[in-house]
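Q: Dropping the structure in here first, questions after.
The values are calculated or read from the model by the stated rules, or taken from the named source; none is laboratory data. Since the model is a prediction, treat every value here as computed from it, not as a measurement. Glycine gets a Cβ as well: all are built from the backbone with ideal geometry, and neighbour counts include every protein chain shown. These area figures cover heavy atoms from the full protein model, side chains too; ligands, DNA and RNA do not enter into them. Shrake-Rupley method; radii C 1.70, N 1.55, O 1.52, S 1.80 Å.
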Amino acid sequence: MNRISAFSAFALMMTSAAAFADTVTVVTSFPRDLTDPFKAAFEAAHPGTTLEVVSRNTNAAVSHLQETRSANTIDLMWASAPDAFEVLKEEELLAKVDVKFEGIPDVIGGYPVHDPDGTYFGFAASGYGIMYNTRYVQANDLPIAREWEDLKRAEYNGHVAMSSPSRSGTTHLTVETVLQGEGWDQGWATWKWISGNMNTVTERSFGVPDAVNSGATGFGIVIDFFGLASKASGFPVELVYPSVTAIVPANIGIIANAPNPEGAKQFVEFLLSPDGQKVLLDPAIMRLPVDPKIYASAPDGFPNPFSEEFAPGAIEFDVDKSGVRYNLVNSLFDVLVTYRLDDLRGAVAAVQKAEAAHADTGNKEAAALIAEARALIEAMPITEAEAQDPAFTQVFTISRAEPGTEVVGRQAEIEQAWDSFAVENYRKAKELADQATAMK
């Protein structure tokens, strides 16, 4: 190689390295409605720097970072679910970083805004609730569901939608919030009765607000910003926070072996700056800032999690408990609900029909059959103690974050046993409820 070509090769290498250093790569579950405004604002504040956004749902992003540990190309993880960040932290996939910010309190709703060890940082607050289409509710003569308990009632059968927690970190948080707020057995019973009323379980969390916005369904179980952004965009929707909800931060963390750690730190500090926090009030985003000062410029009626009247019954979310059983809860939901939705809906509808038939008959034999059917639907194949046992939960290493994922080994054996349990229980529950309905 002559001196000119050698110099050209060196210059090309240095140019490529400089371009790489000026690119910050973030993997995120957030939609472009959120990422695009932040990308534009960050790049404007840091001329010459490019924010590259890689879109993956939360569980898929965690799996990707686990699988590419030794050849990582990602600088940042950006998502809502704090328990997903706890999984990454436990596996030492997040860097401990000294990030500069001012005016952000240590806690929100009794929950730490940032990881005390400095491996991930809260940039927005999130609540979980029920979004509904006002025109749909009026057209179908339905009352407004304000509590999880409401959505269990027969009148909501066929009018509810949610996404699968294995495909959506925000839905996982919602499921876990009810399990913690109501207790393991009662929480799962609530999810089964609500699920029995569902007309769909979507693969992505975005599918739920889309269905409510369009009037394809009446009620959607969502993270709050879906409802707030849809309302701000002019859709005929409202959002309510049930009594059992949690206020937890949406987070960002720098990957332990990030290619561009300095650029990653700049982006985190931008998110936590007043300019970054104000972007959250963009009508397409409408997320709750973690800087209390920003609410002075929020639109009228915008929820303020720092006010006393905001979700006064919110639980103190236990991220450690959630982190231990993260994959197990997702597997349980998929086996008992997602993949057996038709069986569950059939059993729930049969019970609802039997209860309506005997609302005033006083038939004790029918009542006993209905009670037995209810117990079969609500029964769980494992206890909460088992779900918290690391020796058991560590079996659940395979996530269904991506469609078509094959589950093998001990996890597959356990899930098969759960599936047989669900099929038999739902079958028997429907049979008993049908017997009750046939009685006079």
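Q: Are any of the residues in the stretch 379-400 closer than 20 Å to ILE194 by Cβ and modelled with pLDDT under 95?
A: No, the conditions are met nowhere in the stretch 379-400.
Q: Also: In the stretch 81-97, what residues are open to solvent by 50 Å² or more (accessible area, probe 1.4 Å) and out of contact with any Asp or Glu (no Cβ under 8 Å at 6 or more places or on another chain)?
A: Once the filter is applied, which keeps residues that are open to solvent by 50 Å² or more (accessible area, probe 1.4 Å) and out of contact with any Asp or Glu (no Cβ under 8 Å at 6 or more places or on another chain), the stretch 81-97 yields GLU90, GLU91, GLU92.
Q: Let me ask something else. Take ALA284 and tell me if it is open to solvent by 30 Å² or more (accessible area, probe 1.4 Å), over 30 Å from THR23 (Cα atoms) and assigned to a loop (DSSP other than H, G, I, E, B).
A: It is false that ALA284 is open to solvent by 30 Å² or more (accessible area, probe 1.4 Å), over 30 Å from THR23 (Cα atoms) and assigned to a loop (DSSP other than H, G, I, E, B).
Q: What is the one condition in (1) in contact (Cβ under 8 Å) with a residue 60 or more places away in the chain; (2) closer than 27 Å to SER166 by Cβ that ASP342 does not satisfy?
A: (1)
Q: Are there any helices (runs of 4 or more DSSP H) wholly within the stretch 305-387 with 1 or more residues that are open to solvent by 20 Å² or more (accessible area, probe 1.4 Å), under 29 Å from VAL240 (Cβ atoms) and of a type in the set (D, E, K, R), and if so which?
A: Those helices (runs of 4 or more DSSP H) span 319-324, 341-357, 364-378, 384-387.
Q: Also, I was wondering about something else. Go through the stretch 226-278 and report how many residues are open to solvent by 50 Å² or more (accessible area, probe 1.4 Å), in contact with a Ser or Thr (Cβ under 9 Å, 6 or more places away or on another chain), outside any loop (DSSP other than H, G, I, E, B) and not acidic (Asp, Glu).
A: The total comes to 2.
Q: I need the full set of residues from the stretch 287-304 which are in a helix (DSSP H, G or I) and aliphatic (A, V, I, L, M), in order please.
A: Across the stretch 287-304, the qualifying residues are ILE294, ALA296.
Q: Could you please find all residues in the stretch 105-125 being of a type in the set (Val, Ile, Thr) and within 23 Å of GLY313 (Cα to Cα)?
A: VAL107, ILE108, VAL113
Q: Given the structure, is ALA311 closer than 17 Å to ILE108 by Cβ, more than 23 Å from the chain's Cα centre (by Cα) and of a type outside the set (Ser, Thr, Tyr)?
A: No; evaluated as a whole, the condition is false for this residue.
Q: Do you know which residues across the stretch 98-151 are of a type in the set (D, E, K, R), open to solvent by 50 Å² or more (accessible area, probe 1.4 Å) and not in a loop (DSSP other than H, G, I, E, B)?
A: Across the stretch 98-151, the qualifying residue is only ARG135.
Q: Please go through the stretch 415-439 and pick out each residue that is touching a residue at least 24 places away in the same chain (Cβ under 8 Å) and over 30 Å from THR361 (Cα atoms).
A: GLU415, ALA417, TRP418, ASP419, PHE421, ALA422, VAL423 - these are the residues of the stretch 415-439 that are touching a residue at least 24 places away in the same chain (Cβ under 8 Å) and over 30 Å from THR361 (Cα atoms).
Q: So which residues in the stretch 152-170 are at pLDDT 90 or above, touching a strand residue (DSSP E or B) at 6+ places or on another chain (Cβ under 7 Å) and open to solvent by 10 Å² or more (accessible area, probe 1.4 Å)?
A: Selection gives GLY158, HIS159.
Q: If I go through the stretch 50-73 residue by residue, how many of them are hydroxyl-bearing (Ser, Thr, Tyr), free of Cβ contacts under 8 Å to residues at least 12 places away in the same chain and open to solvent by 40 Å² or more (accessible area, probe 1.4 Å)?
A: Residues meeting the conditions: 1.
Q: Given (1) touching a strand residue (DSSP E or B) at 6+ places or on another chain (Cβ under 8 Å); (2) at pLDDT below 95, where does PHE7 come up short, assuming only one miss?
A: In the conditions (1) touching a strand residue (DSSP E or B) at 6+ places or on another chain (Cβ under 8 Å); (2) at pLDDT below 95, PHE7 misses (1) alone.
Q: State whether the residues of the stretch 198-210 include one that is over 17 Å from the mean Cα position of the chain (by Cα) and either under 22 Å from SER243 (Cβ atoms) or open to solvent by less than 20 Å² (accessible area, probe 1.4 Å) (or both).
A: Yes; the residues of the stretch 198-210 include at least one that is over 17 Å from the mean Cα position of the chain (by Cα) and either under 22 Å from SER243 (Cβ atoms) or open to solvent by less than 20 Å² (accessible area, probe 1.4 Å) (or both).
Q: For the stretch 205-225, give me each residue that is closer than 16 Å to ARG32 by Cα and assigned to a loop (DSSP other than H, G, I, E, B).
A: Within the stretch 205-225, SER205, PHE206 meet the criteria.
Q: What are the pairs with Cβ atoms under 8 angstrom where one residue, in the stretch 165-190, is at positive phi and the other, located anywhere, is open to solvent by 10 Å² or more (accessible area, probe 1.4 Å)? Sequence gap at least six, or different chains.
A: GLY183/GLU384
Q: Search the stretch 301-328 for residues that are at positive phi and pair each with any residue that is open to solvent by 20 Å² or more (accessible area, probe 1.4 Å) and part of a loop (DSSP other than H, G, I, E, B) when their beta-carbon atoms are under 7 Å apart and the residues are at least 6 apart or on different chains.
A: Qualifying pairs under 7 Å: ALA311/TYR241.
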